[in-house]
Amino acid sequence: MRFLRLFAAILIMKSKPTYEELQRRIAELEIESSNCRIAEESLKRSNEIVSSILSACPIGIGLVENRIIKRINDAMRRIFRFESEADYVGASARILYPSDEEFHNIGEYIRDQFKAGKEAALDTRFKRKDGTSFLGHLMVNTMYPPDPMQRATFTVTDISWRKQAEAELLQKEKLQAAVEMAGAVCHEMNQPMQVALVQLAECMVMDEFEDEPIKQKAENIRQQLNALREMSRKLMHITRYETRDYVEGEKIIDIDKSSDTLT
């Protein structure tokens, strides 16, 4: 631009500029041209550095204008399994979401967050090019808060592994609680149950139950006590947290599936 101004200035000079004036103008143009080359080289180096950083970054980074994808880095291409720029450049960010509803809701959330002066970040579901979905963490940074969708950068991190780890940790915590409770129940239950079995066996051996109906009831009691003893054994060998349906949608621990003992 400055080059054009200088050139125009030469044209409007008096009809016959002096040799010295022409030399001065030419020198100014040469300096300006040299400065432009230096600026272009510096800009090229900066772009190369930025591109290198974006390529090396493990987090997906992208640029959108009015929710139209303009650019993404290599990590984003891998996350969404894009094969070429034709898969995403110039496409609506809708291709990143499982449904129109999800796409709309995320847009409204981002606008509301920036309107309230808050950070626009949340966990949500995304859809890859092959149709599979995953849970990711989305963070948006806009250059124009009043209209954040006009031009914004966004990052996407696949957090499926984190949710899996959280689920496994929760399962371990439930198992630990079940094992501790089972141990406490067995400890409190075993001694009185053993005493009852011994005394019942003594009465049966000594023929204290002469009537047949009483003998049958005593045998039934013995069988139930033995069933309780077997259940106690299973409780002491719980190694997994498995549940089964109980009543009204509630679940209880499935002792048989949770225990390593054989029935």
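Checking the condition modelled with pLDDT under 90, charged (D, E, K, R), in contact with a Leu (Cβ under 9 Å, 6 or more places away or on another chain) and not in a loop (DSSP other than H, G, I, E, B), which residue from R162, R125 passes?
Just one listed residue meets the conditions, R162.
So the check is Cβ under 9 Å with 6+ separation or different chains; which pairs have a first residue in region 217-234 that's in contact (Cβ under 8 Å) with a residue 40 or more places away in the chain and of a type in the set (G, A, S) and a second one that's surrounded by 15 or more Cβ atoms within 10 Å (Cβ to Cβ) and in a helix (DSSP H, G or I)?
So the pair list comes out as S232/A182; S232/C186; S232/M189; S232/N190; S232/M193.
Residue by residue through region 128-141, note down the ones that are part of a strand (DSSP E or B), under 14 Å from G60 (Cβ atoms) and not hydrophobic (A, V, I, L, M, F, W, C).
Passing the criteria: G136, H137, N141.
All but one of (1) without any contact (Cβ under 8 Å) to a residue 60 or more places away in the chain; (2) under 22 Å from L122 (Cα atoms); (3) surrounded by 14 or more Cβ atoms within 10 Å (Cβ to Cβ) hold for V64; which doesn't?
Among (1) without any contact (Cβ under 8 Å) to a residue 60 or more places away in the chain; (2) under 22 Å from L122 (Cα atoms); (3) surrounded by 14 or more Cβ atoms within 10 Å (Cβ to Cβ), V64 violates only (1).
Just to be sure before I move on: is R240 on the phi < 0 side of the Ramachandran plot, at pLDDT 70 or above and not in a helix (DSSP H, G or I) in the structure I sent?
Considered against the rule, which asks whether it is on the phi < 0 side of the Ramachandran plot, at pLDDT 70 or above and not in a helix (DSSP H, G or I), R240 comes out as yes.
If Y109 meets every condition in (1) hydroxyl-bearing (S, T, Y); (2) within 21 Å of N73 (Cβ to Cβ); (3) over 16 Å from the mean Cα position of the chain (by Cα) apart from one, which number is that one?
(2)
Name every residue in region 103-122 that is in contact with a strand residue (DSSP E or B) (Cβ under 7 Å, 6 or more places away or on another chain) and part of a helix (DSSP H, G or I), in order of residue number.
Once the filter is applied, which keeps residues that are in contact with a strand residue (DSSP E or B) (Cβ under 7 Å, 6 or more places away or on another chain) and part of a helix (DSSP H, G or I), region 103-122 yields I106, Y109, I110, Q113, F114.
When the residues of region 142-159 are filtered to those that are out of contact with any Pro (no Cβ under 6 Å at 6 or more places or on another chain), among the hydroxyl-bearing types (S, T, Y) and not in a loop (DSSP other than H, G, I, E, B), which remaining residue is surrounded by the most Cβ atoms within 10 Å (Cβ to Cβ)?
Checking each candidate, the answer is T155.
The values are calculated or read from the model by the stated rules, or taken from the named source; none is laboratory data. Predicted model only: the values in this text are computed from it and were never measured. Don't worry about glycine lacking a Cβ; one is built from the backbone with ideal geometry, like all the others, and counts go over all protein chains shown.
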